[in-house]
1. In segment 39-56, what residues are of a type outside the set (Lys, Arg) and surrounded by 10 or more Cβ atoms within 10 Å (Cβ to Cβ)?
2. Pick from segment 6-17 the residues that are loosely packed, with under 14 Cβ neighbours inside 10 Å and touching a helix residue (DSSP H, G or I) at 6+ places or on another chain (Cβ under 9 Å): which of them is nearest to residue 79 (Cα to Cα)?
3. Working carefully through the options 20, 1, find the one that is assigned to a loop (DSSP other than H, G, I, E, B) and either at pLDDT 95 or above or touching a His at 6+ places or on another chain (Cβ under 8 Å) (or both).
4. Would you check if there is a residue in segment 23-38 being modelled with pLDDT of 95 or more, farther than 16 Å from residue 81 by Cβ and either surrounded by 11 or more Cβ atoms within 10 Å (Cβ to Cβ) or acidic (Asp, Glu) (or both)?
5. Of all residues in segment 51-84, which are touching a residue at least 12 places away in the same chain (Cβ under 8 Å) and out of contact with any strand residue (DSSP E or B) (no Cβ under 6 Å at 6 or more places or on another chain)?
6. Being basic (Lys, Arg) and in a helix (DSSP H, G or I) is the filter; apply it to segment 34-84 and report the residue that is farthest from residue 12 (Cα to Cα).
7. Quick one: what pairs do we get from segment 27-50, first residue free of Cβ contacts under 8 Å to residues at least 12 places away in the same chain, second among the small types (Gly, Ala, Ser), C-beta under 8 Å, 6+ apart or different chains?
Amino acid sequence: MQPEACAAHIAARDRQQRLMDDIILAGAEQHVFTTPFPRKSSRAVVTMCTGVAQWYHPGGALSPPELAAQYVAMSRMTVGASGR
């Protein structure tokens, strides 16, 4: 990878993480999320979601909508989202 491309990738990754951090921290402060570990939960959600690219392949056991629904459920559980 070219140094410029690497720097752009890292910057995009960091922006994505900050966005998720901000959302989960705000949710925890507003008692929408109950996680006692908002930053760690944020990292876990981002890592879980980006990790799909390492194993997913079309034609697998789950369709993309089924996989997305499961990941939404797992992410909500990770941050302690209410049933609303």
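1. 41, 42, 44, 45, 46, 47, 48, 49, 50, 51, 52, 56, listed by residue number.
2. 16
3. 1
4. no
5. Those that are touching a residue at least 12 places away in the same chain (Cβ under 8 Å) and out of contact with any strand residue (DSSP E or B) (no Cβ under 6 Å at 6 or more places or on another chain): 52, 67, 71, 74, 75, 78, 82.
6. Result: 76.
7. No pair meets every condition.
The values are calculated or read from the model by the stated rules, or taken from the named source; none is laboratory data. Here the structure is a predicted model, which is why all the values come from computation and not from measurement. Neighbour counts are summed over all protein chains in view; Cβ atoms, including those assigned to glycine, are modelled from backbone coordinates with ideal geometry.
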